[in-house]
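Some notes on the structure that comes next.
The values are calculated or read from the model by the stated rules, or taken from the named source; none is laboratory data. Owing to the predicted nature of the structure, the values given are computational and were not obtained by experimental measurement. Cβ atoms come from the backbone with ideal geometry, glycine included; neighbour counts cover every protein chain shown. These accessible areas exclude ligands, DNA and RNA; they are computed on the full protein's heavy atoms, side chains included. Shrake-Rupley method; radii C 1.70, N 1.55, O 1.52, S 1.80 Å.
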Amino acid sequence: SPTVRPARNRWWRGMAATLALITLLSAGWLTFRESILYQTHGTGYGEVRALMLPDGSRVTLNANSSLRLPRFGFGAGIREVFLAGEAEFSVRHTPTHQPFVVRTPSQLSVEVLGTRFVVYARQRGSKVALQSGRVRVINDRHSLTIAPGDVVTMNPAGVLQKRERQPLAPYTAWKDQQFVFERTSLAEVAYLIEERFGVRVALADTSLTKRSISGTFEARDVEEILDMLADVSGLRVQKDADSYVLKSDE
């Protein structure tokens, strides 16, 4: 009847508003609860930061990275941290042998007792490079135990690949604000610069993607690394608004 329908509509609108409010409050509580239970350490573009964890383990965060860990009771059981980006870990072995676990957004986990290693966990994939000790690299499909000098990569499809006895300088040089390139393609170089400094670097034409470069370069900002690349590779650097373009100097 004409008198019932508006009342019913008002009831449904009231229920929808109540549910929306409950959802909003729940999301707010979860965010508040997360900030109470966990602390997050982060770095900006171009920044490298050293941290000492409550158990005495040391972490060095690369640029554009974050590390989350519990505020309370860290080390009482499993020492668990969550990494997005890239970091070097020097894990302290405890008398009661508590495992140390690094988890990443890609569901890759690294389990150790006491050792030194680098974890890379970004959008295009994940890597673990072991400097000393022994670690286990795990995802939802596979588990690999690796030795010093081994590098494990995981692509976006979740496939793990291990390479043994690798030079580790390219994986650790960022701690000293360096880039180490070993026949690295210019496309990869451009991506690494963008990842470190948050500035887009483009190649003027596809033929440049086949060119590679080797060497160690120390740079604290994007202009410094691009100027050095231009000097050793014969390229020109053009600034376009908020990006850079590498061009052949021919």
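List of remarks:
- Shown for region 45-187: the carbon plus sulfur share of the solvent-accessible area, taken with all protein chains present and a 1.4 angstrom probe, equals 47%.
- Farthest positive-ward along region 53-212 dipole, Cα basis, beta-carbon charges - from SER109, ILE78, LEU130: ILE78
- Note on surface exposure: SER126, SER185 rank SER185, SER126 by accessible area, highest first, 1.4 Å probe.
- Heavy-atom accessible area order for ASP240, ASP231, ASP176, largest first, 1.4 Å probe: ASP231, ASP176, ASP240
- Sparsely packed GluC sites (Glu not before Pro) within region 153-217, loop by DSSP, other Cβ within 10 Å at most 12: GLU164
- Region 105-113 - phi-based ³J(HN,Hα) in whole Hz, Karplus 6.51/-1.76/1.60, Gly and Pro as x: x, 7, 6, 7, 10, 10, 10, 9, 10
- Surface accessible to a 1.4 Å probe, ARG220 within the full protein complex, Å²: 140 Å²
- Debye, to nearest 20: dipole size of the chain, +1 on Lys, Arg Cβ, -1 on Asp, Glu Cβ: 1440 debye
- Computed magnitude of the charge dipole of region 74-122 (debye, nearest 20; Cβ of K, R +1, Cβ of D, E -1): 40 debye
- Qualifying trypsin sites (Lys or Arg not before Pro) in region 51-91, where qualification requires a DSSP coil assignment and no more than 12 other C-beta atoms within 10 Å, comprise ARG71.
- Under the Karplus curve 6.51 cos²θ - 1.76 cosθ + 1.60, θ = phi - 60°, whole-Hz ³J(HN,Hα) for region 64-77, x wherever Gly or Pro sits: 6, 9, 9, 10, 10, 8, x, 6, 10, x, 5, x, 6, x
- For the chain, averaging the sequence separation of C-alpha pairs within contact (under 8 Å, six or more residues apart) and dividing by the residue count gives a relative contact order of 10 percent.
- Evaluating 6.51 cos²θ - 1.76 cosθ + 1.60 at θ = phi - 60° for every residue in region 42-50, the Karplus couplings come out as x, 10, x, 5, x, 9, 10, 9, 9 Hz, glycine and proline recorded as x.
- Pair-distance distribution P(r) for region 186-250, from all Cα-Cα distances in 5 Å bins starting at 0: 4, 17, 34, 30, 13, 2 percent.
- Here the convex hull built on the C-alpha positions of the chain has a volume of 203 cubic angstrom per residue.
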